[in-house]
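Enquirer: So that we are looking at the same thing, I have put the structure below in structure tokens.
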Amino acid sequence: MNQKINTLYFSATGTTEKIVTGVAKKIAENYGGEIAINNIDFTLPEARKKTFSFDKDTLVIAGVPVYAGRVPNVLLKFLNQISGNCATAVAVVLYGNRHYDDALIEFKDILEADGFIVIAGGAFIGEHSFSTTLASNRPDRQDMAMAADFADKIYDKIKRPGKIPSVVVKGKIPYRDYYRPMDPNGNPVSILKVTPKTNSDCIDCKLCAEVCPMGSIDSADVSKITGICIKCCACIKKCPGGAKYFDDESYLRHKHELEAEFTGRRLEPECFV
């Protein structure tokens, strides 16, 4: 019934993209490989200036990262302007080995408010933006196998005769508050205004400014942050010289606590069809 497949994703370090495009590719293969996939990457600011509209003959695999257990609030304005027009959708969230909390149900609700019919949802694990040890190198081969199985189940659901029912996913309503780090005394601290620093290893290649999803790194002087930082760490993970880093005490304490408590393969993807 779906003659078109689109992906729609925000993926600063490529992990969400890997799952979303993997699911879309497997569904297309199940159709015999005759359906082209249109990839819509809204990671960079210019892409979020556009408006997107779909139709009822389209399947959209949509994905966002989980920030503090929720859909990143910096994406809400863009997401709320999408027109689903009864297109079929799959909601995917990707988190860094702690938990996805209410992000999946929130993302499903957003897509439904946009006019999509959400028939499946999945919460997958990817390497945490703060770290190289939290879910290191995930999504890996095992995760991608589960994504392929998820795609097969979605395809089977689409091919059933009659109206396709929407999906029920895990999560609480009203949504829980954003997860917050604590100080040594157990009091919540904010790292919202923390920004990365630049050391003398910088070769001024400008790559960090190019990959910043908020457009907040000054290309004329990459040591300057001119807007908000969402701690996606694209600038750190993609810097060829290792010149970007964080030195804020609260940020580092939170990073170390996460690595101490959640390192290791403690969680597997959860899929709902």
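Enquirer: Reachable aspartates and glutamates from residue 244, Cα under 20 Å, same-chain residues fewer than 8 places away excluded?
Expert: Once the sequence-local aspartates and glutamates are set aside, what remains near residue 244 is 127, 201, 204, 210, 218, 221, 259.
Enquirer: Quick one: order 224, 77, 238, 18 by neighbouring beta-carbon count within 10 Å, fewest to most.
Expert: Values: 224 13, 77 9, 238 16, 18 22.
Sorted ascending by nearby Cβ count, the order is 77, 224, 238, 18.
Enquirer: Starting from the amide H of residue 60, placed 1.01 Å from N in the peptide plane, find each other amide H under 5 Å away whose residue is 5 or more places distant or on another chain.
Expert: 6, 88, 89, 90
Enquirer: For the chain, divide the Cα radius of gyration by the Kirkwood radius and give the resulting Rg/Rh value with two decimals.
Expert: Numbers: Rg = 18.9 Å, Rh = 19.4 Å.
Taking Rh as the inverse mean 1/r over Cα pairs, Rg/Rh reads 0.98.
Enquirer: Measure nothing fancy, just the Cα-based angle from helix 141-159's long axis to the longest principal axis of the chain, in degrees from 0 to 90, nearest 10.
Expert: In the chain, helix 141-159 runs at an angle near 30 degrees to the longest axis.
Enquirer: Got a sec? How would 43, 88 order by Cβ neighbour count within 10 Å, fewest to most?
Expert: On the way: 43 21, 88 25.
Exposure proxy ranking, most exposed first: 43, 88.
Enquirer: Rounded, prolate or oblate: pick one for the range 70-194, where a ≥ b ≥ c are the square roots of the eigenvalues of its C-alpha gyration tensor, a/c under 1.5 means rounded, and failing that, prolate if a/b is larger than b/c, else oblate. It would help to have the intermediate numbers written out before the result.
Expert: Working: a/c = 2.46, a/b = 1.49, b/c = 1.65.
Oblate.
Enquirer: Can you spot the aspartates and glutamates whose alpha carbon is less than 13 Å from residue 193's alpha carbon? Ignore those fewer than 8 places along the same chain.
Expert: Answer for residue 193, where 13 Å is the Cα cut-off: 247, 248, 249, listed by chain and number.
Enquirer: Taking the Cα atoms of the range 197-245 alone, what are Rg (to one decimal) and Dmax (as a whole number) in Å?
Expert: 9.3, 24
Enquirer: Also, quick follow-up: I'd like the orientation of helix 15-30 relative to the chain: the angle between its Cα long axis and the longest Cα principal axis, in ° from 0 to 90, rounded to 10.
Expert: Roughly 20 degrees, rounded to the nearest 10.
Enquirer: Give me the distance in nm between label points sitting 7 Å out from Cα along the Cα-to-Cβ direction at residue 204 and residue 49, one decimal.
Expert: Between residue 204 and residue 49, the label points sit 2.7 nm apart.
Enquirer: Could you work out how far helix 103-113 tilts from the main Cα principal axis of the chain, as a 0 to 90 degree angle to the nearest 10?
Expert: Approximately 50 degrees, to the nearest 10.
Enquirer: Please work out the Cα convex hull volume for the range 1-147 and give it in Å³ per residue.
Expert: Values: hull volume 14.5 nm³, N = 147.
Normalising the Cα hull of the range 1-147 by residue number yields 98 Å³.
Quick note: the coordinates plus some simple rules give every number you see, no bench work behind them. Note that this is a predicted model, so its numbers are computed, not measured. So basically every Cβ, Gly included, is an ideal-geometry build from the backbone, and we count neighbours across all protein chains shown.
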